[in-house]
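**Student:** Once you've had a glance at the structure underneath, I'll fire off some questions.
Read the figures in this text as sums done on the coordinates, not as results from a lab. Computed from a predicted model, the values in this text were never measured in an experiment. We place every Cβ from the backbone using ideal geometry, glycine too, and count neighbours over all the protein chains shown.
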Amino acid sequence: MYNKELEEEKLDEYVEGLIKTDIEIPPELEDRIIQRIKTTPVRNKNTIKISVNKMLAAAVILVMLFTASVKWIPSFGVYASNIPVLKIAVEWIRGDSGTEYARRHGYESIEGIVVEKDGYILTFDDIIFDEDRLVFSVIAGGDKIEELLEDLVDEDERKKNDSLPTISIEFLDFEEGGSSQIDFNRKEIRVKAEKTFKAGEAAAFLERNPQYIQLSGEIFVRFPFEHNILIEEFKDIKIPFDKEKVLLSKKYMLMEEIEVPYGIVKMKELTISPTRMKLDVGFDLEDDYLFSGFESLYLMDSKGNAYQSEGLISMMHHGDENFSFFFVPSIYFEDKHEELYVAFDGIWIGSIKDNSITVNLTDTYPKTINYMGEDIIIEGANHSNTNGKGTLTVDLLMPQNIKVSGLKVEGHEGSFYRLFRDTNYLNGKPYDNQYGLNALDYSEEYNVILINAGRLHNISKQLKLLLK
Amino acid sequence: MEEGLIIKAQKGDKDSFSKAVLSLKDEAYRIAYCYLHNKEDSMDAVADAVEKALLNISKLKNDKYFKTWFIRIVINECKIQLRQKQKIISMADDLYKYDDLSKTNREEKIDLERSLTILDPSDRILIYMKYYMGYTLEEVAETMNLPTGTVKTRIYGNLKLLRNKLEVREG
């Protein structure tokens, strides 16, 4: 009679009798691990980029922070490592290279103000205004803020729970819209805010001969899944404004086009403002295809100086076919340039018909799906209850030439937030992304929409822009 | 592992994190090597797993499961590498020291290792963890996120096949 346990014991003895040695550990392993730990940046949890509710833009704002690398453009005859990138170190709350460069050329910031109410203090500073944007910092401080933050932030300056203390600003002179970056510690909440103006918006404001920039502000604590708690409200904040100090932008109409896969990119207008340059671009692509980004887009002048995107906003979307891209610092304060060059190393193009995937929780994972001829692996999908609300998490493994900015579930208001992104995306390997979506009822199947998805076409292009 | 190390690591203390992962480096490397059978790839997989663990350590809910959690990350990195490279795993010549082995045993050992290499890495790792690294069946199951019964069936099922192969060769 077959005895399974006896059989297994005999197999154990058989194998144990054979094994004598072990896998040798390379002596260099320890160093490699230590180096990797040293070079891995651990993100400060308290510094996040979010769009504050009251500052959501009317147009879709896509925040893309380009890396500092500049690629080689053979026709310029200059090696990439030799291309100087004008980047000025500036504390994040004060702005970016563009605002700092303008200040160094004597473009005056608007004088800041302090407002106080019931022991809560708001300090507005580093205010700079041109026809392109309004940038400033706001700091909430004072005894009452410290009391609030002691309840929310521990001694190691980490959040005690999922709440987020923040400041919201509403512009009373301009349309709703803007973005911000928030940081806080046990003493204060710090916000860098930016309002990018639509065409003509700043000019219309200046025509009214304003004496002030008018704002309202709120200090509140945001809780996930629950209502926000208002701490203090500030109405009628007035920042003294002198219209005579504003330098007006210079605009250049462009008529150049570049061929790309599935269509044409049209360079329409270049606006040069004191703090930033803006390039308006149109896309004429075949039906079913849409633009979703450039790879390493920059401007270059005839001396070989490169200008890149930096800061809260790098790209704005004005509709189906028109985009604006921003570059710093500005050439506004330099001797007149006859020409600039625009260059990129690739273009991301998305497919309208491939834009959604079906996630079925009863499926066996991993599962491969196709996006524009490339494999995306759904490594897993899970629905769980947290604090009484359902959370759907989806794990995607994507090749380097596919990107997705986010996910949505059809019929649900919220967007997925990225829980995790594998750092392999930085070094050319397929990379894991984990997305989570809260407050979602359980369903066996979801139609998940890929936001701003695209496939990379590696084409290097450069184009001369004549500034007349 | 020193008490409180993981809690400190979760608060951003890189030194504590370093100590925690270095205490597991040998085990992590052996598991990676079992999958990848290549020294450089295995070191890469471990380093990638260390980076991923450092970036995600705050998500670990219970510090006592750090070892299981970290080894799972190592295994995932190995799977990613395998998917990328679709390598045919070949036996590394520098894997073993033969000092204490008789010639007969050495030939059997080589045969066993060659036999193991023809297994799917996900089956091979189970055998390595049990017989090379001293994991109990329950520990193998916990780390691999499999039922214990499944682990047992796969280990002994494969060993029976491999033993039959070796016996045929010897015969």
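**Student:** I'd like the FRET efficiency for residue A:229 and residue B:1, computed as 1/(1 + (r/R0)^6) with the beta carbon distance as r and R0 of 56 Å, rounded to 0.05.
**Tutor:** Working: r = 40 Å, r/R0 = 0.72.
After rounding, the FRET efficiency stands at 0.90.
**Student:** Something else: Hey, what do the phi angles of region A:448-461 turn into as Karplus ³J(HN,Hα) couplings, whole Hz, using 6.51/-1.76/1.60 and θ = phi - 60°, x for Gly and Pro?
**Tutor:** 9, 9, 8, 8, 6, 7, x, 10, 7, 10, 7, 10, 8, 9
**Student:** Next question. Given a cut-off of 29 Å, what percent of all Cα-Cα pairs of region A:100-245 lie beyond it?
**Tutor:** The share of Cα pairs beyond 29 Å in region A:100-245 comes to 21 percent.
**Student:** If amide H atoms are built 1.01 Å from N in the plane of the peptide, which residues on other chains or at least 5 residues away come under 5 Å of the amide H of residue A:256?
**Tutor:** For residue A:256, whose amide H was placed from the backbone, the distant partners under 5 Å are A:267.
**Student:** What residue among A:382, A:332, A:348 has its Cα farthest toward the positive end of the dipole of region A:292-405, where the charges are +1 on Lys, Arg and -1 on Asp, Glu, each on the Cβ?
**Tutor:** Result: A:382, furthest along the dipole toward the positive end.
**Student:** With θ taken as phi - 60° and the coefficients 6.51, -1.76 and 1.60, list the Karplus ³J(HN,Hα) couplings across region A:377-384 in order, rounded to whole Hz; mark glycine and proline as x.
**Tutor:** Each residue of region A:377-384 in turn: 9, 7, 7, x, 8, 8, 10, 9 Hz.
**Student:** To the nearest Å, what is the center-to-center distance of region A:186-252 and region A:429-468, using C-alpha atoms only?
**Tutor:** 30
**Student:** Order of B:19-26, A:344-351 by packing, highest average Cβ count within 10 Å first?
**Tutor:** Result, highest mean Cβ count within 10 Å first: A:344-351, B:19-26.
**Student:** Another one. State the Cα centre-to-centre distance between region B:10-67 and region A:111-146 in whole Å.
**Tutor:** 44
**Student:** Between region A:287-320 and region A:334-392, how far is it from one alpha carbon centroid to the other, in angstrom?
**Tutor:** When both Cα centres are located, 20 Å separates them.
**Student:** May I pose another question? Using the structure shown, list the pairs from A:192/A:303; A:353/B:79; A:250/A:336; A:195/A:461; A:192/A:235; A:4/B:67 with a Cα-Cα distance above 22 Å, or answer none. Mind dumping the intermediate values first?
**Tutor:** Details: A:192/A:303 33 Å; A:353/B:79 31 Å; A:250/A:336 11 Å; A:195/A:461 31 Å; A:192/A:235 19 Å; A:4/B:67 32 Å.
Correct reply: A:192/A:303; A:353/B:79; A:195/A:461; A:4/B:67.
**Student:** Whole-Hz ³J(HN,Hα) for each residue in region A:264-279, computed from phi via Karplus 6.51 cos²θ - 1.76 cosθ + 1.60 with θ = phi - 60°, x for glycine and proline: what do you get?
**Tutor:** 10, 10, 10, 7, 9, 7, 10, 10, 10, 10, x, 9, 6, 10, 10, 10
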